[in-house]
Amino acid sequence: MMVPPLLTNAKEHFLDRHWSFLIQRIKFADPVLFDLRYKMLITQEEFQNLISKSSSREKICDLFGIIGSWDHRKKDLLYDALWKYNDEDMSMLEGRYQRMWDPLSMQSESTRISVHKRNKLILLKNMVAKDIGILSPHMECHLCGKFQDSDSVLNPDVIGNIFRMELKFAGLFCCQKTGIKFQVTGPVVIEYSLESWSDHLEEIPASKHEIIGPLFNIKICEQSTANVVSAVYLPHYLCLRSFTGDPSSIKCAHFIDGNMAFKSPTRVEPFYIVLENPTFSCLGPLLSLVKKKIPIHGIVLIYFRIVCPGEPEYEEYKIHLHLLPLIAHIGERLDKEKKTLGFQRVAKPPQTNDTVYTKTKYQITSRSQDYVHPKTLKFQSSHHSEPFEFTEIRVRGNDINIFLEVKEESTTEIVWDTILTRGDIKDFSRSVDQLRKNDGASSPLEHFVDKHRTALIERLSYVDPVLDDLLAQNLLTQEQYDNVRRKEPHQQKMRQLYQYTTSWGNPDKEKLYQAILRCNKPLVIDLGGP
């Protein structure tokens, strides 16, 4: 489909030439800002500052103050967002240019406007209720198609690890944070949390079941009318169009009082299994009696950190690469975990070029002589209950381009690739410098276990399982392990343990953090962890 030209080869971008008109005429600024934030083109701080302005004119005016240093590629993405939500104003501005440059202008313009009118109708529908957000979880597969928006996409209230949605009228509502959807017939208050599959599946042979989505613990608040939820849509990441197994093996696990029962969903859709007239407890999608690899919607998230910045002899770039399922909340959760280690996510297209598979190894390569370990990753279907596995790539700080590829080991088919350019690294360096200035810090970001030392000593009650984990990883000697175990109460154990960690670097502290997270997850969440 032909679209209005962007003139990306011109010295001056279209947005720079027409900024005055756009500030005066753009009516729907909020969805544009949500779009830019979702694509990580603006920071959370910039987003909050812009969204707090009282008028679209102020928001667009301040936005143009930010984009002055952007290259044409980033401005093209803003241009596309403006078209998506403000097609009438954009078409008015571009009408005469379109007729001049494009012989098929009438056909392409009408096609594009019809698409954006439909998008704007969805947007306006979503803004009926005061608390309704604009950006829905983005899910797409070249085989299964695109995630279809619900009538309303809500940003839930979050208290600790509990999500809460107060629905004031009938309709189909989607949680912006987790992707779960509820069909309701009237007002209702729903609370739900993400649970660990490993807490419930310990007695079930893992070889016979494959987790294909998050596990939700759902309850209807007492003041709500019974049976008001007519259907629940549980997210899954199974690629239906590539799935060759028995459709009846797609089940909903239903946990009650520690026992699991299988329910057959009313229907299975791309990205969701649907249960009509549900009863609630812990619910999640899985495949039963699995004996072979299964197709999955996958994403690759990469995180970047500069080690010893400004010291030429020691400076290096450290990259963590994660191969994960496509689920709405996964990036946000991982962002929090990585931030404690001084990493920031790199804004690269995350979705894999093709379907990925469970029980399959993927080779991680870099085209230079970089350090890569481990060189292979397996797809993590149980990501929401285990630590996030990753491959670490280390590159000496020589201001070079970094090529990354993810290949299926048996076929060498490239399922994802990207390049970190010198410009990307320079932009990242600037953002890290600005972050340190804002925090008043000149040293690397403080690790979670150091930042919360006092709270962990006082409140971490399950110390022995943490010690078992550290001993198994050879982070503690047997003598150190026995010394800590002998201490009482748990506060003394933690004080003794911290004496042994004083010489540890961040990689070892991260292993301690992961051990604490496995055994004391509610405390970690309360302290601001994932």
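The values are calculated or read from the model by the stated rules, or taken from the named source; none is laboratory data. Predicted model, so just to flag it, every value in this text is computed and none were measured. Here Cβ is always computed from backbone atoms with ideal geometry, including for glycine, and neighbour counts include all displayed protein chains. In case anyone asks, the SASA skips ligands and DNA or RNA and just uses the protein heavy atoms, side chains included. Shrake-Rupley method; radii C 1.70, N 1.55, O 1.52, S 1.80 Å.
Most tightly packed first, judged by the mean number of other beta-carbon atoms within 10 Å of their residues, the peptides 450-457, 171-178 read 171-178, 450-457.
Exceedance of the 31 Å cut-off in Cα-Cα distance is limited, within the set K251/K318; K59/K407; K251/K339; K359/K493; K361/K521, to K251/K318; K59/K407; K251/K339; K359/K493.
Highest mean packing first, where packing is the average number of other Cβ atoms within 10 Å per residue, the peptides 260-270, 296-306 line up as 296-306, 260-270.
Surface exposure of the stretch 165-286, expressed per residue as accessible area with a 1.4 Å probe, stands at 42 Å². Among the listed pairs K27/K426; K177/K348; K27/K74; K177/K338, those with a Cα-Cα distance over 24 Å are K27/K426.
Among the trypsin sites (Lys or Arg not before Pro) found in the stretch 9-85, those both in a DSSP coil and sparsely packed, with 10 or fewer other Cβ atoms within 10 Å of their Cβ, are K11. One decimal place: the segment I525-R267 gains 89.4 nm when fully extended, by the rule 0.36 nm per residue minus the C-alpha distance. Extension gain for R422-K292 works out to 42.6 nm (0.36 nm per residue, less the C-alpha to C-alpha distance).
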